[in-house]
Amino acid sequence: MNNSTPQIILNVVGPIATNSYILYCPVTKDAIIIDPGGDPETIEKSIDEKSLNPTMVILTHGHSDHMASAAEIMRNYNVGLAIHSDDIETMKKSVEDAPLWGLGKIEEPEVEITLAEEDKIKVGEITGTVINTPGHTKGGISLKFDGVVFAGDTLFAGSIGRTDFFGGNHETLLNSIRTKLFELPDDTIVYCGHGPSTTIGDEKTCNPFFNGIF
């Protein structure tokens with residue numbers, strides 16, 4: 001196993017079947033938790049079974065179904081939260097709207113780090129990069145690591161994120177996918193916020209929102 005190869009655990013959590021990911025370094029066992037959208041006991045079981053050392057919670061965007069258990073996990077592992085600065089307002093609004101999505105009352109997590117384009121994410125001996133991919137929300141981001149990208153609700157297998165929520169913009173979303181995600185190598189695995197994973201190459205050729213033209 002290459003020391004730079006990220007190891008990934010998927011948990012599908014919450015009432016909207018949100019994909020929550022744990023990415024960890026196989027050498028140091030340091031880990032980040034991406035989009036803990038509910039069921040904290042499930043996420044924590046995965047962490048504890050692998051004897052991982054969480055260092056940060058990262059949100060690809062501020063919707064409640066991607067952060068419902070963030071505050072509890074942060075407290076239990078004494079870690080901070082990172083989100084793009086343009087999505088803090090989205091996060092605050094989503095906390096208020098959480099009951100509408102079947103999430104009940106959720107605790108607003110405290111932001112420790114605000115992320116921006118090209119920021120580096122260190123996880124043990126692994127380094128990732130923040131990619132700004134707004135459109136689903138104003139401050140949506142994707143996280144690129146070796147051979148993989150966590151796209152949140154920007155890009156799905158055969159679809160794209162909704163843009164009819166607060167801060168959404170359809171043309172901005174399409175532009176983010178064309179100019180940021182579709183610039184990645186075709187064999188890059190896309191870990192989506194909901195549903196199955198895909199690849200950049202498959203979405204370039206098969207995604208009906210692009211019709212093979214990007």
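Here, each number is a calculation from the coordinates, and none is a lab measurement. Small disclaimer: the values here were computed from a predicted structure and weren't measured. Note that we place each Cβ from the backbone using ideal geometry, even for glycine, and neighbour counts take in every protein chain shown.
GNM, the chain, Cα, under 10 Å: largest mean-square fluctuation among Phe145, Phe166, Phe156?
Residue with maximal mean-square fluctuation among Phe145, Phe166, Phe156: Phe166.
Sticking with the crude label model, points 7 Å out along Cα→Cβ, report the distance from Asn169 to Lys93 in nm, one decimal please.
About 1.3 nm, to one decimal.
Based on DSSP H runs of at least 4 residues, each adding -39500 (n - 2.57), what is the mean residue ellipticity at 222 nm of the chain after dividing by all its residues, to the nearest 500 deg cm²/dmol?
My calculation for the chain gives -6000 deg cm²/dmol from helical runs alone.
How much net charge surrounds Glu41 when only other residues with a Cβ under 15 Å from its Cβ are counted (Lys, Arg +1; Asp, Glu -1)?
Around Glu41, the surrounding residues sum to -3.
Could you identify which residue out of Ser159, Ser85, Ser51 has the top mean-square fluctuation in a GNM of the chain using Cα springs shorter than 10 Å?
Ser51
I'm spelling it out carefully: the read-out is Rg and Dmax of the Cα atoms in Å, the candidates are (1) 25.5, 102; (2) 15.9, 46; (3) 56.1, 172, and one was derived from this structure. Which label?
Here Rg and Dmax of the Cα atoms in Å agrees with entry (2).
Over 31 Å between Cα atoms: which of Lys122/Lys204; Lys29/Lys204; Lys50/Lys204; Lys45/Lys144; Lys45/Lys122 fall into that group?
Lys29/Lys204; Lys50/Lys204
Between the range 110-146 and the range 162-214, what is the separation of their alpha carbon centroids in Å?
17
Quick one: among Asn78, Asn132, Asn11, which has the greatest mean-square fluctuation in a GNM of the chain with alpha-carbon springs under 10 angstrom?
Looking only at Asn78, Asn132, Asn11, the largest GNM fluctuation is found for Asn78.
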